[in-house]
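Derivation of every value follows stated rules applied to the coordinates shown; laboratory data play no part. None of the values given here were measured: they were computed from a predicted structure. So basically every Cβ, Gly included, is an ideal-geometry build from the backbone, and we count neighbours across all protein chains shown.
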Amino acid sequence: MSSSESAAGPRPVGPYTPVVRAGGWLICSGQVGLRNGRIVDGGVAVQTAQCVANVETLLHEHGVELPSVVKTTVFMTDIADYAAVNDAYRIAFGDHRPARSAVAVAGLPLGALVEIEAWAYVGG
């Protein structure tokens, strides 16, 4: 896949490919809460939901569903947002619970409050 914007997915904000297949894995680069080229308004919960929606869009472009995600990493600019991120993440993923790491960072691209990367297992 090229690094240009797909019909549905967000355009990368750096020199990377949004999603890469490596053997049985589909790896989604970190997604911030971008929609229509802008960070969504409404705070960290709304951005978290958009991050997951962007991951889901990338997966769908490869015929993969969100339950194939086995690992995520969540980056947030304020660890005090942990509970709000958890609530929005839980709603976005439904009953599916991939393994996860969550860390606070000094800053994220475009002033985002949260970023989520995902690894989906799609078989060999």
- Item | Residues located in segment 68-95, provided they are free of Cβ contacts under 8 Å to residues at least 24 places away in the same chain and charged (D, E, K, R) | Arg90, Asp95
- Item | Hits in segment 72-92 (condition: farther than 11 Å from Cys28 by Cβ and surrounded by fewer than 19 Cβ atoms within 10 Å (Cβ to Cβ)) | Thr77, Asp78, Ile79, Ala80, Tyr82, Ala83, Asn86, Asp87, Arg90, Ile91
- Task: Show the residue pairs that are 6+ apart or on different chains and have beta-carbon atoms under 8 Å apart, the first residue being within segment 96-124 and surrounded by fewer than 17 Cβ atoms within 10 Å (Cβ to Cβ), the second being in a loop (DSSP other than H, G, I, E, B) and among the acidic types (Asp, Glu).
- Result: Ala104/Asp78
- Message: Looking at segment 105-113, can you tell me whether even one residue there is touching a helix residue (DSSP H, G or I) at 6+ places or on another chain (Cβ under 9 Å) and among the β-branched types (Val, Ile, Thr)?
- Response: no
- Message: Can you tell me which residue is farthest from Leu58 (Cα to Cα) among those in segment 73-124 that are in contact with a Ser or Thr (Cβ under 8 Å, 6 or more places away or on another chain) and assigned to a loop (DSSP other than H, G, I, E, B)?
- Response: Ala106
- What number of residues in segment 36-49 are buried (at least 18 other Cβ atoms within 10 Å of the Cβ), of a type outside the set (A, V, I, L, M) and closer than 14 Å to Gly111 by Cβ? 1
- Item | Some residue of segment 54-71 being within 13 Å of the chain's Cα centre (by Cα), buried (at least 19 other Cβ atoms within 10 Å of the Cβ) and not in a helix (DSSP H, G or I) | yes
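Here is a yes/no grid of residues against (1) without any contact (Cβ under 8 Å) to a residue 60 or more places away in the chain; (2) within 20 Å of Arg90 (Cα to Cα):
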residue	(1), (2)
Thr17	yes, no
Val20	yes, no
Gly24	no, no
Val32	no, yes
Arg35	yes, no
Gln50	yes, yes
Val55	no, yes
His62	no, no
